[in-house]
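Asks: Please see the structure below; I have some questions.
The values are calculated or read from the model by the stated rules, or taken from the named source; none is laboratory data. These numbers were taken from a predicted model, which means no experiment stands behind them. Positions of Cβ are generated from backbone atoms using ideal geometry, with glycine treated the same way; all protein chains shown enter the neighbour counts. The area values use the complete protein model at the heavy-atom level, side chains included, leaving out ligands, DNA and RNA. Shrake-Rupley method; radii C 1.70, N 1.55, O 1.52, S 1.80 Å.
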Amino acid sequence: MTKQAGAPIPAGTGPLLSVRDLHVSFRTEDGVVRAVDGLSFDVERGRTLGIVGESGSGKSVTNLTILGLHNPMFTTVEGEILLDGRELTTARESELEKVRGNKAAMIFQDPLTALSPYYTVGRQIAEPYMKHNGASKKAAWERAVEMLAKVGIPNPRERAKDYPHQFSGGMRQRAMIAMALVCDPDLLVADEPTTALDVTVQAQILDLLKDLQQEFGSGIIFITHDLGVIADMADDIMVMYAGGAVERGTVDEVLRAPQHPYTWGLLNSMPRLDSDLGAPLAPIPGTPPSLLTPPSGCRFHPRCTFQDRVEGAGRCGTERPLLASGRASACHLTADQKRTIFTEEIKPRLG
Ligand code: SF4
């Protein structure tokens, strides 16, 4: 497909976000880090895609790239990112600025990285609304107060005049959600938005995001390493490992009948309420690979305990398995093997 910067196709004729064969690499003193290597996925309007994987799997890099928040001096981006039909990889910074906040917005793990300590919370919510909607100062301030009320800040008219340090951690996260949603973006990217919060506040923020999605109809990308949160929040899941997607499907498909040895490892390493308190957790053996020199073949093969079941000796170390479209997993095991191994060997351990 020919890329045309800023040439939109009519809204609503395809997925809200379509990422195709995305490659993102960084030049470092030690060499080129291939942080994302051939990633493709879609996000539909009104649905939540949960992206799960360990640190360094490429999930955050992917989403910073979608929003054009990478440093172009050191980063090479190839492939296509179509947001509502608009190609973003070739868009100019001025176009990306219009997209950010207006069509797509991000909620970060730490609200202090997104909120400035020098301005009131109300002003920080009002400013993107003025910028993208040409609203007057007064109208934008009213909108900020309305958004603070929507995200559950008590006494919002007064609290809008406070500075971020006068808010608790949970309230700051709510304020950042208000800032992200003030322009009613089509796509919301939430990167580990509740990791820094205690469990009760975490549950409140997740409920808030679900309610707001219903109201605003946004597509959401929800990044986390916590499969429990994904089960609660997402409609679809993409599991990432070492810069690529290894499994994808609906939440029900992936959590009820996972197909990839890495997903089995993630599920097996989750603490369970009913497990013996003294029982050790079962982490995935080994560590994620360096993306300076990623393994050949299947990138999971140095840690995979199932490769000797694959037909063709050494195939996992030489041939990279591809991820088909739709419900799929990138693994050389046959569909029958995946089903049998999960049912007979993995599931009993999960309880
Ligand atoms: Fe394991 Fe081979 Fe499947 Fe990779 S392709 S996950 S190494 S069995």
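Asks: Do you know the relative contact order of the chain, to the nearest whole percent, from alpha carbon pairs under 8 angstrom that are 6+ apart?
Replies: Details: 649 pairs, mean separation 67.4, N = 351.
Contact order relative to length: 19 percent.
Asks: Per the Kirkwood definition applied to all pairs of different Cα atoms, how many angstroms is the hydrodynamic radius of region 312-351?
Replies: 11.7 Å
Asks: Could you state the number of Å between the C-alpha centres of region 45-94 and region 297-315?
Replies: Result: 30 Å between the Cα centres.
Asks: Keeping all protein chains in place, calculate the accessible area per residue for the chain (probe 1.4 angstrom), answer in Å².
Replies: Numbers: 16910 Å² over 351 residues.
Accessible area per residue, the chain: 48 Å².
Asks: Hey, another quick one. Could you work out how much longer the chain between Arg309 and Ser168 gets when fully extended? Use 0.36 nm per residue separation minus the Cα distance between them, nm to one decimal.
Replies: Values: separation 141, 0.36 × 141 = 50.76 nm, distance 5.21 nm.
Extra length available between Arg309 and Ser168 comes to 45.6 nm.
Asks: Could you tell me the convex hull volume per residue, in Å³, taken over the Cα atoms of region 173-331? Provide the component values of the computation, followed by the final result.
Replies: Numbers: hull volume 24.4 nm³, N = 159.
Expressed per residue, the convex hull around the Cα atoms of region 173-331 is 154 Å³.
Asks: Please list the non-local residues whose amide H lies under 5 Å from the amide H of Val246, H modeled 1.01 Å from N, same-chain partners needing a gap of 5 or more.
Replies: Here the answer is Val239, Met240, Tyr241, since their amide H atoms fall under 5 Å of that of Val246.
Asks: Still on this model: Between Gln173, Val189, Gln202, whose Cα lies farthest towards the positive end of the dipole of region 150-207 when Lys and Arg beta carbons carry +1 and Asp and Glu beta carbons carry -1, centred on the Cα centre?
Replies: Gln173
Asks: Of the accessible area of region 113-184, with the probe set at 1.4 angstrom, what percent is carbon plus sulfur?
Replies: Values: 1770 of 3440 Å².
Carbon and sulfur: 51 percent of the exposed surface of region 113-184.
Asks: Ok, one more. Enumerate the calculated ³J(HN,Hα) couplings along region 198-208 in order (Karplus 6.51 cos²θ - 1.76 cosθ + 1.60, θ = phi - 60°), each rounded to whole Hz, writing x wherever the residue is Gly or Pro.
Replies: These are the phi-based 3J(HN,Hα) values: 6, 4, 5, 5, 4, 5, 5, 5, 5, 4, 4 Hz.
Asks: Less than 19 Å from a label point 7 Å out along the Cα-to-Cβ axis of Thr28: which backbone N atoms in region 205-248 qualify, by residue?
Replies: 241-244
Asks: A further question on this structure: Give, as a single signed number, the net charge of other residues whose beta carbon lies under 15 Å from the beta carbon of Ala203, with Lys and Arg counted +1 and Asp and Glu -1. Please report the intermediate quantities before stating the final value.
Replies: Working: positive: Arg174, Lys210; negative: Asp198, Asp207, Asp211, Asp226, Asp232.
Result for the local shell: -3.
Asks: How many percent of the accessible area of region 20-99 is carbon or sulfur, using a 1.4 Å probe? If you can, show how the numbers build up before the last one.
Replies: Working: 1820 of 3640 Å².
With neighbouring chains kept in place, the figure for region 20-99 is 50 percent.
Asks: Let me ask you something else. Just the ratio, please: alpha-carbon radius of gyration of the chain over 2.2 N^0.38 Å, N its number of residues. Present the calculation step by step, with values, prior to reporting the outcome.
Replies: Details: Rg = 21.3 Å, N = 351, 2.2 N^0.38 = 20.4 Å.
So the chain has a normalised radius of gyration of 1.05.
Asks: Give me a comma-separated list of calculated 3J(HN,Hα) values for region 248-262, in order, Karplus coefficients 6.51, -1.76, 1.60 applied at θ = phi - 60°, integers in Hz, x for any Gly or Pro.
Replies: Coupling constants for region 248-262: 8, x, 6, 4, 4, 4, 6, 7, 7, 9, x, 10, 9, x, 5 Hz.
Asks: On to the next question. Amide H of Leu22: which non-local residues (sequence gap of 5 or more, or other chain) have their own amide H closer than 5 Å, using H built in the peptide plane?
Replies: Long-range HN contacts for Leu22: Gly38, Leu39, Ser40, Glu80.
Asks: OK, next. Can you give the charge dipole size of the chain about its Cα centre, rounded to the nearest 20 debye, using +1 on the beta carbon of Lys and Arg and -1 on the beta carbon of Asp and Glu?
Replies: Dipole about the Cα centre, nearest 20: 600 debye.
Asks: What percent does the relative contact order of region 113-184 come to when contacts are Cα pairs within less than 8 Å and at least six residues apart?
Replies: Values: 91 pairs, mean separation 31.3, N = 72.
Computed over region 113-184, the figure is 43 percent.
Asks: Which residue, Ala242, Thr113, Val19, has the largest displacement toward the positive end of the dipole of the chain when charges sit on each Cβ (Lys, Arg +1; Asp, Glu -1)?
Replies: Going by the charge dipole, the pick is Thr113.
Asks: List, in order, the whole-Hz ³J(HN,Hα) value for each residue of region 34-40 obtained from phi through the Karplus relation with A = 6.51, B = -1.76, C = 1.60 and θ = phi - 60°; use x for Gly and Pro.
Replies: 8, 6, 10, 9, x, 9, 9
Asks: What FRET efficiency comes out for Arg157 versus Lys131 if R0 is 22 angstrom and r is the Cβ-Cβ distance? Round to the nearest 0.05.
Replies: 0.50
Asks: Using the C-alpha gyration tensor of region 113-184, what are the square roots of 5 times its eigenvalues, in whole angstrom, with the largest one first?
Replies: Numbers: eigenvalues 61, 29, 24 Å².
Semi-axis lengths for region 113-184 are 17, 12, 11 Å.
Asks: How much length is gained if the chain between Asn268 and Arg339 is pulled fully straight, taking 0.36 nm per residue apart and subtracting their Cα-Cα distance, in nm to one decimal? Walk me through the numbers before you get to the answer.
Replies: Details: separation 71, 0.36 × 71 = 25.56 nm, distance 1.63 nm.
That pair, Asn268 and Arg339, stretches by 23.9 nm at full extension.
Asks: Considering the Cα trace of region 123-246, what is its radius of gyration and what is Dmax, both in angstroms?
Replies: According to the Cα coordinates of region 123-246, Rg and Dmax are 15.5, 49 Å.
Asks: For Ser325 and Glu95, what is the calculated FRET efficiency with R₀ set at 41 Å and r taken between the beta-carbons, to the nearest 0.05? Kindly include the intermediate steps, with their values, before the conclusion.
Replies: Numbers: r = 29 Å, r/R0 = 0.70.
Plugging the Cβ-Cβ distance into 1/(1 + (r/R0)^6) gives 0.90.
Asks: Taking only the alpha carbons of region 1-135, what extent do you get along each of the three principal axes, in Å, biggest first?
Replies: Between the extreme Cα coordinates on each principal axis of region 1-135 lie 42, 39, 28 Å.
Asks: State the percentage of accessible surface on region 188-333 attributable to carbon and sulfur atoms; use a 1.4 Å probe and exclude ligands, DNA and RNA. Provide the component values of the computation, followed by the final result.
Replies: On the way: 3670 of 6800 Å².
Ligands and nucleic acids excluded, carbon and sulfur give 54 percent.
Asks: Using only Cα atoms, tell me the angle between helix 121-133 and the longest principal axis of the chain; keep it within 0 to 90° and round to the nearest 10.
Replies: Rounded to the nearest ten degrees, it is 90.
Asks: Something else now. Could you pull out every residue, at least 5 positions away or on a different chain, whose amide H is within less than 5 Å of the one on Ile51? Hs are placed 1.01 Å off N in the peptide plane, and Pro or chain starts have none.
Replies: Phe222, Ile223, Thr224, Met238
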